[in-house]
1. For n ≥ 4 DSSP H runs only, could you compute -39500 (n - 2.57) per run for the chain, divide by its residues and tell me the 222 nm figure to the nearest 500?
2. Efficiency by 1/(1 + (r/R0)^6): what FRET value for GLU186 and GLU249, r their Cβ-Cβ distance, R0 = 35 Å, to the nearest 0.05?
3. Which of these, GLY187, GLY126, GLY32, has the largest mean-square fluctuation under a Gaussian network model of the chain (Cα springs below 10 Å)?
4. ALA68 versus LYS86, label points 7 Å from Cα toward the beta carbon: distance in nm?
5. How many lysine pairs does the chain hold where the Cα atoms are under 25 Å apart and the two sit 8 or more places apart or on different chains?
6. For segment 139-184, compute Rh as the Kirkwood radius over C-alpha pairs and then the Stokes-Einstein diffusion coefficient at 4 °C and 1.567 mPa s; write the answer in µm²/s, rounded to an integer.
7. What ranking of GLU246, GLU58 emerges when the number of other C-beta atoms within 10 Å of each C-beta is taken as an exposure proxy, fewest first?
8. Go ahead and run the numbers for FRET between VAL257 and LYS193, Cβ-Cβ distance against an R0 of 30 Å, rounding to 0.05.
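Nothing in this text is a laboratory measurement; each read-out follows from the coordinates by a stated rule. Predicted, not measured: the structure shown is a model, and the values here were computed from it. Counting neighbours? That spans all protein chains shown, and the Cβs are built from the backbone with ideal geometry, glycine included.
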Amino acid sequence: MRIAFLGLGAIGTPMAVHIAKAHDLTVWNRTGSKAEAFAVAHACSVATSPRAAVAGAEVVITCLSTSAEVEGLLDGPEGLLAGLGKGALFLDCTSGDPGTTRKIGARLASIGVEFADAPVSGGTNGAEAGTLTVMVGGSDAIFQRARPVLECFGRRVEHMGPLGAGDAMKAVNNALLAVNLFAVGEGLTALVKSGISAQKAVEVLNASSGRSFVSEYLVPERVLTRLFPVTFRLALLDKDARIGAEFLEGQGVAGPVLHLASALLAQARAELGEEADYLAPIQLIEQEAGVELRG
Ligand code: NDP
């Protein structure tokens, strides 16, 4: 199948590797050198514009920072709308916002292009392993058409509901991740400051009811080891938590906890900058307390 993949960032790149193994792939990336290097490494084609990337493609996949960037690629002589063919399937794997996704979907529908939001969870490791969870928003027919393509990098590919439902699911998921990130960071920091070893505190937490993805995986692998790899930008988690908080508002759910997590992320982003990793706020908590969570 002819597939175009646009957006070779931290997670888009390993996702596109799986597509390259199974399909006739063309890649495009804003910073062209990344696309050129990818095409050489994975024996696929490289395009110099979004229009050229999607011309003749049966399926188009985007994985950009936010929905605004996806919307920004639509127009202009070299934009997506100039290249997309009637009948194409467009899957947006960006962790987007439901409102913009529905706007994009309406524009694409008017030119006969099928569209679904299909954000992913599982991190760069999950993308490399091809074990991502994919949360799809769109009609049943579009989901059935999209599923085999998304299974190239997804282990659990789930239809959440109409257009925007995938984005909503992903935003709430990441808002919960943010809550746990701050909560685990704060709790462990206090325990260590009181004299309990970080290793023991994490082990006991993970054998108890307060455990979470943050305590079971992220803290042992990235914090206690002091590795703090940069795999997912804090700026992107901030965007997700904000979308999550807005989604709650739209549903008439007050959501003070998710709003607070969103506000804390915005504050950390302002302090740490656009390139910091999403676990860096734990280092801020440590610094403020004057201790480190070391294994
Ligand atoms: P990165 O910041 O690593 O990459 C962003 C990508 O978007 C790059 O290809 C970048 O191009 C491109 N881009 C940014 N702005 C524009 C623009 N104005 N026009 C065209 N292209 C643009 O992000 P990730 O790969 O980490 O994340 C991508 C999406 O996936 C985000 O929505 C994120 O929330 C989500 N996600 C990320 C996960 C992760 O672990 N990293 C996990 C799950 C979801 P360029 O190379 O030129 O900068």
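1. So the calculated ellipticity at 222 nm is -15500 deg cm²/dmol.
2. 0.90
3. GLY187
4. About 3.5 nm, to one decimal.
5. 6
6. Result for D is 107 µm²/s.
7. In order of increasing Cβ crowding within 10 Å: GLU58, GLU246.
8. 0.80
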